[in-house]
Amino acid sequence: MAFGGAEVLKGVDIDLFPGEVHGIIGENGAGKSTLGKLIAGVYRPTGGKLTIQGDTCTLGSPRQALDLGIALIHQEPLTFPDLDVAENIFVGRQPKDRFGQIDWSSMYVHAAELLNSIGVKLNPRSKVRGLGVADQQMIELAAALSQKARVLILDETTASLTPKEVAELFAIVRRLRDEGCAVVFVSHRLDEIFEICDRITILRDGEKVGERIPKDSSVPEIVRMMVGREVDEVLRHGGVCSEPVVLQVKDLCLTGVFSNINLSVRKGEIVGMAGLVGAGRTEVARAIFGITPPTSGEILIQNSACDINNPRQAMQAGLALVPEDRQHHGLLLPSSIAENASLAILRSLTKGGLVSGKQIESNAEEYKSKLQIALRSVGQPVKDLSGGNQQKVVLSKWLLTQPKVLILDEPTRGVDVGAKAEVHRLMRELAETGLGILMISSDLQEVLSVSDRILVMREGRVVREFQAQEATQENVMLAATGQEAHAV
Amino acid sequence: MQSDAIKKLIALREVGTGLLLIGVVLAALAKNPHFLDPKNLNSILLWIPLLVVVGMGQMLVILTRGIDVSVGSTMGVAGIVVGMLFRDHPGLNIFLGAGIGIAIGCLLGAINGGLIAWAKVPPIIATLGTLSAYRGLAFIVCKGEQIDSNNIPESLTDWTLKGPISISGITFSWLMVWASVVAIIVAYFLKSSRTGRDIYALGSHPEAARLRGIPVPKVTFLVYSVCGALAGLAGVLYASRYGFVNPGTAGQGFELTVIAAVVIGGTNVLGGSGTVLGVLLGCVLLGTINVALAVLGIDAAWQMLVYGLVILIALTVDSYLQRFLRKMDVRN
């Protein structure tokens with residue numbers, strides 16, 4: 001099977017063989033899932049071709065892919081909560097009797113057989129609502145099998161499974177492989193890739209950097225291929241910070257999401273949080289900021305314990321959070337720059353129920369020059385600004401609350417290179433004024449070049465802490481993927 | 001275990017409607033021991049069929065996460081056009097007339113469906129637009145002239161006055177027969193055809209439906225067309241029931257009653273679940289309340305208030321249930 005795409009993916013070729021598990025690995029944003037979705041007809045490629053057993057095919061829809069025997073199991077299961085297990089397996093293809101009506105009893109029998117054949121104990125008649133992710137994935141798997149899938153794509157399927165559930169899944173995958181199925185296993189978990197795959201394709205920034213056979217390769221080699229680029233150490237700060245601690249988090253837990261998180265941010269310090277997507281970093285930030293309050297643990301700001309149950313309390317305590325998805329959570333796109341900048345402090349600008357327009361404008365003007373936001377006027381709608389400038393408006397909004405600690409979630413996602421450097425410079429300047437910054441980023445280079453200290457999270461825990469000077473792309477990545485032991 | 005408990009809960013929604021119905025009947029009986037007299041029962045039985053016919057179509061739409069607020073206007077157009085045909089061509093076969101009503105409704109519904117399925121206009125906006133447009137159309141086709149009772153064929157009004165079954169003064173009218181036929185067909189379609197199951201799947205998780213190869217636009221188009229067709233049939237039944245068709249009042253405001261009946265009957269406004277039995281119960285409940293209020297001599301203004309309250313209570317309970325179900329989802 002050959003395939004070549006563009007932009008998100010650039011000229012990637014991949015061959016899948018029956019009876020082989022083919023791993024696709026790469027950093028966050030390398031294009032792994034995109035590749036899987038293109039093969040399964042979810043996205044349409046802008047270029048390239050797909051050949052199945054010698055025939056060239058063009059895929060216009062997931063239905064067509066299914067008809068050709070290509071099935072995709074998503075990270076987030078796509079099941080129908082209102083329908084029962086059997087119907088979720090057979091939806092759109094329910095067996096019919098000779099009168100053309102759905103033959104429910106034969107459907108239940110078939111479903112039971114299928115589930116039995118992959119060793120899943122589920123009642124075909126129970127509703128899917130309320131079932132766990134693993135069960136739902138098994139239902140999707142059963143659906144793929146019922147369609148005699150020749151190519152099975154597992155897209156980060158293990159991300160939300162327990163180790164036991166992963167083992168069960170792998171047992172099924174091995175059996176399917178032995179029955180002649182071509183399995184594509186998309187993952188960023190190195191240990192799983194090495195455990196299950198017969199061949200690995202490594203992607204970086206949308207390009208294929210190589211193909212390896214696991215037994216002829218090694219974890220450090222694959223990691224080097226994933227990370228690849230030269231480390232650009234312009235901004236590297238270093239130096240152990242001895243300022244007082246402004247934010248301290250003790251044994252923070254959110255059941256099922258993360259556990260026993262301990263971290264601290266000092267005055268004027270930038271702490272980077274690295275890890276893979278799904279490691280629980282954003283969730284920790286949201287818990288600290290009171291959006292989803294933690295189930296247990298303590299948050300201390302300037303050494304006094306704070307009871308934070310909602311964002312307003314967090315703001316009062318001196319925290320600010322710039323969320324990852326600024327378009328949805330950070331900005332009112334059609335409103336003016338000035339209005340957006342003042343959103344978080346509207347309460348203090350309000351007199352007698354009315355908001356002072358003048359105050360709003362003067363605030364915005366102040367930060368426009370401080371942050372060098374490129375704009376015609378502060379009355380301009382935010383949606384007209386570039387990604388980098390939008391991010392600066394969000395920053396202004398939070399800086400106006402005069403926080404002691406600023407939490408940034410993926411501060412430069414989707415902004416161009418120039419704006420990125422600008423945001424980094426700003427962060428550095430803000431830190432120098434005494435602000436403590438906790439930055440979550442999946443961009444390793446960013447973490448390495450901006451942070452004074454780096455925390456690595458994996459599977460809901462902080463697994464490693466580095467001082468800036470001892471961190472390298474390799475050792476951070478190895479910690480994030482849980483491969484440190486192998487590397488030593 | 002969990003799913004059993006949820007099943008019971010969902011069943012409770014129908015049981016709840018049934019209990020509410022019994023409560024209303026008992027309350028009415030306490031005030032007026034003659035509430036269940038044949039005369040009142042006949043009023044209830046006359047009130048229900050229109051609601052059931054339009055409600056079945058509305059239910060299909062709501063199952064797909066949609067809504068159709070133009071059904072009242074569609075009834076008006078179909079009632080007026082068919083009424084004009086009866087006026088201008090006396091002796092026209094009433095079944096042919098009903099067929100034409102269905103066809104007109106189907107066409108108007110197809111316009112809604114096209115707007116929603118392919119032009120991607122949100123259902124509430126699309127059908128609000130056609131709610132107004134179709135009402136205007138009703139006035140235009142008849143030049144503002146009402147179809148009077150002397151223009152409605154007697155054989156058509158007999159659907160209301162007579163019926164195949166009549167026991168001790170209680171008549172199960174032909175209107176009830178047609179409504180029952182519609183309900184049975186819809187129930188069968190939902191249970192035993194793939195398209196019927198696609199409707200549930202689509203409402204339950206639209207993105208998953210698309211990725212599993214369900215023709216989402218086609219199914220969407222179909223449900224609005226069917227909903228329109230049934231509203232068209234209801235327009236003709238309206239002519240039978242009331243004996244006249246006024247372009248301004250025929251079906252006016254009926255969409256709210258219908259949506260109320262469907263939702264009170266346990267259909268999830270967020271799509272994906274609902275049963276014909278539940279909707280039937282919802283229709284009977286609303287019919288009973290309506291007649292009870294009249295029988296108890298409650299002022300018309302109060303009737304509207306009580307009516308609104310019942311709808312709000314049902315919706316509030318529904319919303320609590322949804323949140324509860326979602327919490328169980330999250331916990332897993």
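No value in this document is a laboratory result; all are computed from the given coordinates. Since this is a predicted model, take the numbers as computed values, not measurements. Glycine also receives a Cβ, built like all others from the backbone with ideal geometry; neighbour counts cover every protein chain displayed.
Only sites in a loop by DSSP and with at most 14 other Cβ atoms within 10 Å count here; which GluC sites (Glu not before Pro) in the stretch A:140-190 make the cut? Each step should come with its number before you reach the end.
Working: sites: A:Glu140, A:Glu156, A:Glu165, A:Glu168, A:Glu179; in loops: A:Glu156, A:Glu179.
Here the GluC sites (Glu not before Pro) that fit, given the DSSP loop and packing criteria, are A:Glu179.
Evaluating 6.51 cos²θ - 1.76 cosθ + 1.60 at θ = phi - 60° for every residue in the stretch A:382-387, the Karplus couplings come out as 4, 5, 7, 7, 6, x Hz, glycine and proline recorded as x. Residues of the stretch A:22-64 with backbone nitrogen within less than 14 Å of a virtual label 7 Å along the Cα-to-Cβ line of A:Glu211, please, listed as ranges. Correct set: A:22-25, A:51. Among A:Gln467, A:Ser396, A:Val378, flag the residue with its Cα farthest along the positive direction of the charge dipole of the stretch A:357-488, charges on Cβ as +1 for Lys/Arg and -1 for Asp/Glu. Result: A:Val378, furthest along the dipole toward the positive end.
Using the Cα atoms of the protein assembly as shown to build a convex hull, what is its mean projected area in square nanometres?
Numbers: hull surface 168.1 nm².
So the Cα hull casts an average projection of 42.0 nm².
Helix-only arithmetic for chain A: the sum of -39500 (n - 2.57) across DSSP H runs with n ≥ 4, divided by the residue total, places the mean residue ellipticity at 222 nm at -10000 deg cm²/dmol.
For the stretch B:24-60, backbone nitrogen atoms closer than 18 Å to the point 7 Å from B:Trp302 Cα along Cα-to-C-beta are found at B:24-35. Applying 0.36 nm per residue to the separation of A:Ala171 and A:Ser377 and subtracting their alpha-carbon distance, the gain on full extension is 68.0 nm.
When the alpha carbon gyration tensor of the stretch A:1-144 is reduced to an equivalent ellipsoid, the three semi-axes, largest first, read 32, 18, 13 Å.
Amide H contacts of A:Gly297 (H built 1.01 Å from N, in plane; Pro and chain starts excluded): A:Cys253 sit under 5 Å, all sequence-distant by 5 or more or on other chains.
Cross-link check: pairs A:Lys37/A:Lys127; A:Lys164/A:Lys420; A:Lys250/A:Lys370; A:Lys96/A:Lys127 evaluated at a Cα-Cα cut-off of 30 Å; pairs beyond the cut-off: A:Lys164/A:Lys420; A:Lys250/A:Lys370. About its Cα centre, the dipole of the stretch A:420-488 is roughly 120 debye, where the only charges are +1 on Lys and Arg Cβ and -1 on Asp and Glu Cβ.
Give me the Å³ per residue figure for the convex hull around the C-alpha atoms of the stretch B:112-177.
Considering the Cα atoms of the stretch B:112-177, their hull volume per residue is 154 Å³.
Histogrammed with a bin width of 5 Å, the alpha carbon distances of the stretch A:355-488 distribute as 2, 9, 18, 19, 16, 13, 9, 6, 4, 2, 1, 0, 0 percent, first bin at zero. Between A:Glu243 and A:Asp13, the modelled label-to-label distance comes to 5.3 nm, taking each label 7 Å out from Cα in the direction of the beta carbon. Where both bridge residues fall in the protein assembly as shown, DSSP classifies roughly 50% of the beta bridges as antiparallel. Over every Cα atom in chain A, the radius of gyration and the widest Cα-Cα span, Dmax, amount to 25.2, 80 Å.
Shape descriptor for chain B: Rg over Rh equals 0.98 (Cα atoms; Rh from the Kirkwood inverse mean 1/r). How tilted is helix A:163-178 with respect to the longest principal axis of chain A? Cα atoms for both, answer in degrees (0 to 90, nearest 10). The two axes meet at around 40 degrees.
Extending 7 Å from Cα along the Cβ direction at B:Asp148 and again at B:Thr195 yields two label points whose distance is 4.3 nm.
Centre-to-centre, using Cα atoms only, the stretch B:96-145 and the stretch A:17-46 are separated by 45 Å. Which FRET efficiency, nearest 0.05, do A:Asp178 and A:Phe99 yield, Cβ-Cβ r, R0 30 Å? Computed FRET efficiency for A:Asp178 and A:Phe99: 0.15. Considering only beta bridges that DSSP places wholly inside chain A, some 45 percent are antiparallel. For the stretch A:52-124, the set of trypsin sites (Lys or Arg not before Pro) satisfying both a DSSP loop assignment and a count of at most 10 other C-beta atoms within 10 Å is given as A:Arg98, A:Lys121.
Take the Cα of B:Val317, step 7 Å toward its Cβ, do the same at B:Ser155, and the gap between the two points is 4.4 nm.
Across the stretch A:14-53, the residues whose backbone nitrogen lies under 16 Å from the label position 7 Å along the beta-carbon direction of A:Arg150 are A:15-20, A:39-41, A:50-53. Tell me which chymotrypsin sites (Phe, Trp or Tyr not before Pro) from the stretch A:56-126 have a DSSP coil assignment and no more than 13 other beta carbons within 10 Å of their own. Sites meeting the loop and neighbour criteria: A:Phe99.
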